[in-house]
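Student: Structure provided below as structure tokens; questions to follow.
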Amino acid sequence: MKQWMSIRNLFSLFLLAWFAYGVYEARGYGFLAKIFPMYVSLVLLVLVIVYIAIEIVQGIRKTGGGKGAATGSDLSVDWDMPLEEVYVAFMLNLGILIGVYIAIYLIGYPLAMTLFIFLFYRFMAGASWVASVVAGAAGLGFMAVASHVLGMDWPEGLIALPWPLG
Amino acid sequence: MEAFFQALTVLLTPSHLVYLVGGVTLGLCVGILPGLGGIVGMTILLPVIYGMDIHNAFALLIGMVAVIPTSDTFPSVMMGIPGSSASQATIMDGYPLAKKGEAARALGAAFTASLIGGLFGAFVLSLIIPIARPLVLAFGSPELFMLAVLGMSMVGVLSGNQPIKGIIGAGIGLMLGAMGDAPAIAEYRYTFGFDYLMDGISLVIVGLGLFAFPEIIDLLIKGRPIAEKAELGRGWFDGLKDTLRHKWIVLRCATIGVIIGFIPGLGGSVVDWIAYGHIIQTSKDRERFGKGDIRGVIAPESANNAKEGGGLIPTFLFGIPGSGSMAVFLGGLLILGIQPGPSMLTENVDLIYTAIWSLALANIFGAGLALMLAKPITKLTIVPFRYLAPFMILIITFAAYQASYSWGDLIALLLVGILGWLMKQFGWPRPAALIGFVLAGNLEQYLFISVQRYGFDWLTRPGVIIMTVIIAASLGASIVYQNKLKAAGRTAAKK
């Protein structure tokens, strides 16, 4: 397989960058604030470099063995679909969530979530119109009860709406 | 002794019972929902317990965590998929029994075994407290620091497939925990210039992001098998009689459960398999295991309820959580203003007794409710996941927003969620990260006090040296063991 770097390796590199930043940033802190993050990130930096070395060696062995590169061969989750599809599906679901966030920002949490539940039931889950409306209403009811009884709050939108919608 | 029974009378007042039953009911639901276990259940409750009466909050939290290993048996038996990681082994014999039309017998045996195992765990916890008292009180900050390091290294080594990944996993938690204001001085770390990060990330966000978000996304991608039929069949009383007939299995496996719960890092995902392996090894007639032997249901179910009692021991006495759900429980204690550790034994011993009684009562209520409500609960197992998903997203975003009522909460949930999903895919142990996150603050404080009080002499205290040796030995042993396993795997692959 020509792909020499999988997302798995990229994640290890992300950890490397994170811990390196941890060391870099901690240098500027006062002594009392510095010790803990400094030593933790230093130790982690060394460990992650060792780990990446192990990954590289394993990757070379696997490619050399003619069994294809290490792409996804040792994922911890069993997928019965190609890995590319998993990433696409993940991005799709992430996109839906970001869409919900944007809706929350615009019209406030209760209305956005009610609409989300209704639309998800109708178009993603294939429920009937009636079931979708009932589900949306149930979600709104839950939010109203939880905010009232438990004193919980929710994000308001740009557009002000009367309770329990905004 | 007086305090022991006083705690019971406090707990038996109506308001406490309401919270306990509330926690038990929620725990039953969380156990049945796929992918959600004690960690997510407890995390959702954290925003609710702010400012609550401490005994009520205890009843709620412990009521929930105690019964998840009871109700997660439903999906294991009815569908052959685990309701949470603690009942994977139950599938081996529970699911075949259900296929034979004996689901009721399997569930009856499982609930009885869960009940006895849970009561046994509470009993052991009550015995340990007075015995451990002098030992625990001898621990100073240096020993507590090393103990926290020991706990984390055990979690790291035992919870993943590679020790180095486990330790880095715990380190990821420490790095997340180091964000925000430093405990010893007014200085803000790793805030990237965002005001939101000045208080650090809340446990609610980290718990839901690392555990709930990845499960929901994966279930959305995969879909989930649905029980073809939800028939319980016959045999409730046969199941009950089975468990009583195998009472020695129940006690042996409950003992295993307590011990494993006590050891940091093992916890929910292996306790059931160890009990299952134990029962196969010690049985003479093994040929029916895997085909619907009731002993294969009784063994893991008595062990997984008992482990909560064992897990509470290090959590209370040393402030070191043995598992992910105990880490969240520890975070809950901090929210309530209680500092777990040796001072629990001098200042808050009544709370420990409240916890013990809550654990015992929750197991009784949990088993009772599971038996009574078996029919409607079984119907839940045929609801496709896509109908549950939007409500789960509603609950986790709603709970996350209660952390600090700001948009930062929702954004942090998404980012930690992505981190959690990637960690799950690439085999970085998330429980280790959660425990590291919860312990970060304590570790830093213990380290400070040690250095300030003893200079570098703290390293030469006997307790510290002993624990350094234990940490080194456990790390060394695990690396040797992992290499042996790999070598064995290679030879097996060649054949």
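The values are calculated or read from the model by the stated rules, or taken from the named source; none is laboratory data. Since we're looking at a predicted model, the values are computed, not measured. Cβ coordinates were reconstructed from backbone atoms using ideal geometry, including for glycine residues, and neighbour counts include every protein chain displayed.
Student: Is one or more of the residues making up region B:289-298 closer than 18 Å to B:TRP248 by Cα, acidic (Asp, Glu) and modelled with pLDDT of 85 or more?
Tutor: yes
Student: Restricting attention to region B:76-103, report how many residues are crowded, with 24+ Cβ neighbours inside 10 Å and in contact with a Pro (Cβ under 6 Å, 6 or more places away or on another chain).
Tutor: 5
Student: Sticking with this structure for a sec: Condition test on B:ILE338, is it of a type in the set (A, V, I, L, M), in contact (Cβ under 8 Å) with a residue 12 or more places away in the chain, surrounded by fewer than 24 Cβ atoms within 10 Å (Cβ to Cβ) and assigned to a loop (DSSP other than H, G, I, E, B)?
Tutor: yes
Student: Step by step: first the residues of region B:166-189, then only those that are more than 7 Å from every other protein chain (Cβ to nearest Cβ) and in a helix (DSSP H, G or I), then the one that is modelled with the lowest pLDDT. Which residue is that?
Tutor: For region B:166-189, the residue satisfying everything is B:GLY166.
Student: Only one of (1) farther than 25 Å from B:GLU308 by Cβ; (2) more than 14 Å from chain A (Cβ to nearest Cβ); (3) modelled with pLDDT under 85 fails for B:ALA132. Which number is that?
Tutor: Among (1) farther than 25 Å from B:GLU308 by Cβ; (2) more than 14 Å from chain A (Cβ to nearest Cβ); (3) modelled with pLDDT under 85, the lone unmet condition for B:ALA132 is (1).
Student: May I pose another question? Can you name the helices (runs of 4 or more DSSP H) wholly within region B:45-132 that have at least 3 residues being under 18 Å from the mean Cα position of the chain (by Cα)?
Tutor: Output list reads B:54-71.
Student: Quick one: in region B:190-242, of everything that is in contact with a strand residue (DSSP E or B) (Cβ under 9 Å, 6 or more places away or on another chain) and part of a loop (DSSP other than H, G, I, E, B), which residue is modelled with the lowest pLDDT?
Tutor: Ranking the qualifying residues of region B:190-242, first place goes to B:THR191.
Student: If B:GLY368 passes every condition in (1) crowded, with 17+ Cβ neighbours inside 10 Å; (2) without any contact (Cβ under 8 Å) to a residue 24 or more places away in the chain but one, which one does it miss?
Tutor: (1)
Student: Give me the pairs, please: first residue somewhere in region A:77-97 and closer than 14 Å to B:GLY223 by Cβ, second residue anywhere and modelled with pLDDT under 80 and β-branched (Val, Ile, Thr), beta-carbon distance under 9 Å, and either six or more positions apart or on two chains.
Tutor: A:VAL86/A:VAL77
Student: When residues of region B:403-414 are filtered for being surrounded by fewer than 22 Cβ atoms within 10 Å (Cβ to Cβ) and either assigned to a loop (DSSP other than H, G, I, E, B) or in contact with a Cys (Cβ under 7 Å, 6 or more places away or on another chain) (or both), how many remain?
Tutor: 3
Student: OK, next. Kindly establish whether A:MET143 is within 9 Å of chain B (Cβ to nearest Cβ), surrounded by fewer than 18 Cβ atoms within 10 Å (Cβ to Cβ) and aliphatic (A, V, I, L, M).
Tutor: no
Student: Kindly provide the set of residues from region A:25-34 that are within 11 Å of chain B (Cβ to nearest Cβ) and either over 26 Å from the mean Cα position of the chain (by Cα) or under 19 Å from B:ILE167 (Cβ atoms) (or both), ordered by number.
Tutor: Scanning region A:25-34 gives A:ALA26, A:GLY28, A:TYR29, A:GLY30, A:PHE31, A:LEU32, A:ALA33, A:LYS34.
Student: Okay, next question. Could you go through region B:1-15 and let me know if any residue there is assigned to a helix (DSSP H, G or I), touching an Asp or Glu at 6+ places or on another chain (Cβ under 7 Å) and acidic (Asp, Glu).
Tutor: Within region B:1-15 (the criterion being assigned to a helix (DSSP H, G or I), touching an Asp or Glu at 6+ places or on another chain (Cβ under 7 Å) and acidic (Asp, Glu)), the answer is no, since none of the residues qualifies.
Student: In region B:190-199, which residue that is closer than 26 Å to B:ILE396 by Cβ and within 12 Å of chain A (Cβ to nearest Cβ) is surrounded by the fewest Cβ atoms within 10 Å (Cβ to Cβ)?
Tutor: Filtering first and then ranking leaves B:PHE192.
For every residue, the table says whether it meets (1) over 25 Å from B:ALA212 (Cα atoms); (2) of a type in the set (Val, Ile, Thr); (3) free of Cβ contacts under 8 Å to residues at least 40 places away in the same chain.
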| residue | (1), (2), (3) |
| --- | --- |
| B:VAL24 | no, yes, no |
| B:MET42 | no, no, no |
| B:TYR50 | no, no, no |
| B:SER87 | no, no, no |
| B:ASP93 | yes, no, no |
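Student: Within region B:419-431, track down each residue that is among the aliphatic types (A, V, I, L, M) and at the interface with chain A (Cβ under 7 Å from one of its Cβ atoms).
Tutor: Within region B:419-431, just B:LEU422 meets the criteria.
Student: Would you mind telling me which numbered condition in (1) out of contact with any helix residue (DSSP H, G or I) (no Cβ under 6 Å at 6 or more places or on another chain); (2) polar (S, T, N, Q); (3) within 13 Å of another protein chain (Cβ to nearest Cβ) B:SER450 fails?
Tutor: (1)
Student: If you take the residues of region B:341-357 that are assigned to a helix (DSSP H, G or I) and without any contact (Cβ under 8 Å) to a residue 40 or more places away in the chain, which of them is surrounded by the fewest Cβ atoms within 10 Å (Cβ to Cβ)?
Tutor: B:GLU347
Yes/no matrix, rows are residues, columns are (1) more than 7 Å from every other protein chain (Cβ to nearest Cβ); (2) part of a loop (DSSP other than H, G, I, E, B); (3) modelled with pLDDT under 90:
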{"residue": "A:PHE11", "(1), (2), (3)": "no, no, no"}
{"residue": "A:LEU16", "(1), (2), (3)": "yes, no, no"}
{"residue": "A:ALA20", "(1), (2), (3)": "yes, no, no"}
{"residue": "A:VAL23", "(1), (2), (3)": "yes, no, no"}
{"residue": "A:PHE36", "(1), (2), (3)": "no, no, yes"}
{"residue": "A:TYR39", "(1), (2), (3)": "yes, no, yes"}
{"residue": "A:LEU45", "(1), (2), (3)": "yes, no, no"}
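Student: Looking at region B:262-286, I want the residues that are hydroxyl-bearing (Ser, Thr, Tyr) and have a partner that is assigned to a helix (DSSP H, G or I) and at pLDDT below 85 with Cβ atoms under 7 Å, at least 6 apart or on another chain. Which pairs are those?
Tutor: Close Cβ pairs satisfying both conditions: B:SER269/B:SER85.
Student: Scan region B:141-157 and report the pairs whose first residue is more than 15 Å from B:VAL451 (Cβ to Cβ) and whose second residue is of a type in the set (Ser, Thr, Tyr), with Cβ atoms within less than 6 Å and a gap of 6+ or a chain change.
Tutor: Going by the 6 Å Cβ cut-off, the qualifying pairs are B:VAL157/B:SER478.
Student: Something else now. Looking at region B:186-197 only, could you name the residues that are over 33 Å from the mean Cα position of the chain (by Cα) and among the hydrophobic types (A, V, I, L, M, F, W, C)?
Tutor: Residue satisfying the conditions is B:ALA186 alone.
Student: Within region B:374-407, work out how many residues are of a type outside the set (S, T, N, Q) and closer than 30 Å to B:ALA109 by Cβ.
Tutor: 11
Student: Among the numbered conditions (1) surrounded by fewer than 19 Cβ atoms within 10 Å (Cβ to Cβ); (2) on the phi < 0 side of the Ramachandran plot; (3) within 14 Å of chain A (Cβ to nearest Cβ), tell me where B:PHE437 comes up short.
Tutor: Answer for B:PHE437: the failing condition is (1).
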